[in-house]
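Everything on this sheet refers to the single structure shown next.
The values are calculated or read from the model by the stated rules, or taken from the named source; none is laboratory data. Bear in mind the structure is a predicted one, so any value in this text is a computation, not a measurement. Cβ sites come from the backbone with ideal geometry, for glycine too, and all protein chains shown count toward neighbours.
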Amino acid sequence: MKDYIKGKRCMVWSFMGNARMYQALNDYGDRLDTVGVFTFEVDITGTITETGTSVSSLTPYRTKWPHIKWLLTVMNHGTESIFTALRNNEGGAKSKFLSEIVRIMNKYPWCAGVDIDLERGGGFENRTAANALFADIYSTVKNYDSSKLVNICLPGMTGVQGSVGGENWCVYADLNDYCDTAAIMSYGMAWAGSAPGPVSPRSWLEGIYNYAITAMSPQKVYMGLPGYGWNWQIYDYPSNLGKAYRGTSNTYYAAKNWMTGVYNFTNDQPPQPFIPIIAYWDDHDKVPGALPHVYDYMEG
């Protein structure tokens, strides 16, 4: 059998929880190095609950692919108040959180460790306290079992205070000693509330990884690649469309279905005889794009 991960590492998350995700785990597990079990949510008190993908549903794939490192992913779903409470130990939230990390590792002793996904940590003024939080997480895990791993999910940065999303608390060099690996979330330049554009433009990616591999140990770094896209409605204001933002997210697979006519824009009333769409490939940023409702064409 071909060794797909020789010299490479590929980390994914059990985020979707749908039939296709399980099928992909079953069929392509030989190509995966690490899976984040996207199940564990921390609240403002530091308590961790299991709200995502059922842990037991992954048992067949853990059995089939023993080479995969299964990490328990703990996330705050981008809620700033939770990150703040943990960072500042408000009401003992950090102390509780650290004990909860030990609890879930003890509950699932087969795990390779934890994956910490804390987002919206604020500005550069929070740097020192954030560093202390990650240092405490790392030491807690290693004191529990030195063989357990710590992966941390970090925002895309092009330098110190180089965040496009206000996540300037994060300084890569500071966090290098507090993780075994770091998944750089280098996606989201274009998002639901932005103008249409590439999720991960080339120039931004190059800036992130040029910074990351000099500020951190290169072998620790996972390069984040988006597996999703957006449909932006630009023909009217979002408020008139009953939406907060112009964009609606979809998986890369769903985006492909839009562009190949599997989905259409008339809800099959009636089915469209032709695909009213122009699809194109941006060879600089390496992303596909499309313009729907284009019914006219020019002869070559």
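Here are the numbers for the structure shown:
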| quantity | calculated |
| --- | --- |
| Some residue of the range 263-280 being among the aliphatic types (A, V, I, L, M), modelled with pLDDT under 80 and part of a strand (DSSP E or B) | yes |
| When residues of the range 30-51 are limited to those that are within 14 Å of residue 61 (Cα to Cα) and surrounded by fewer than 18 Cβ atoms within 10 Å (Cβ to Cβ), the one farthest from the chain's Cα centre (by Cα) | 30 |
| Residues of the range 54-107 that turn out to be of a type in the set (Val, Ile, Thr) and under 19 Å from residue 148 (Cβ atoms), as a count | 7 |
| Test: residue in the range 242-254 that is outside any strand (DSSP E or B), assigned by TED's automatic domain parsing to the domain that holds residue 71 and more than 23 Å from residue 36 (Cα to Cα) | no |
| Pair list, Cβ under 8 Å, 6 or more apart: the range 142-167 residue farther than 23 Å from residue 72 by Cα, other residue small (Gly, Ala, Ser) and in a helix (DSSP H, G or I) | 157/212; 158/207; 159/207; 162/207 |
| Residue within the range 244-251 that is farther than 20 Å from residue 187 by Cβ and either surrounded by 14 or more Cβ atoms within 10 Å (Cβ to Cβ) or aliphatic (A, V, I, L, M) (or both) present | yes |
| Residue in the range 62-78 that is on the phi > 0 side of the Ramachandran plot and assigned to a loop (DSSP other than H, G, I, E, B) present | yes |
| Subset of the range 219-230 that is buried (at least 16 other Cβ atoms within 10 Å of the Cβ) and not aliphatic (A, V, I, L, M) - its residue that is nearest to residue 195 (Cα to Cα) | 230 |
| Per-region count, the range 10-41, residues within 29 Å of residue 87 (Cβ to Cβ) and touching an Asp or Glu at 6+ places or on another chain (Cβ under 7 Å) | 4 |
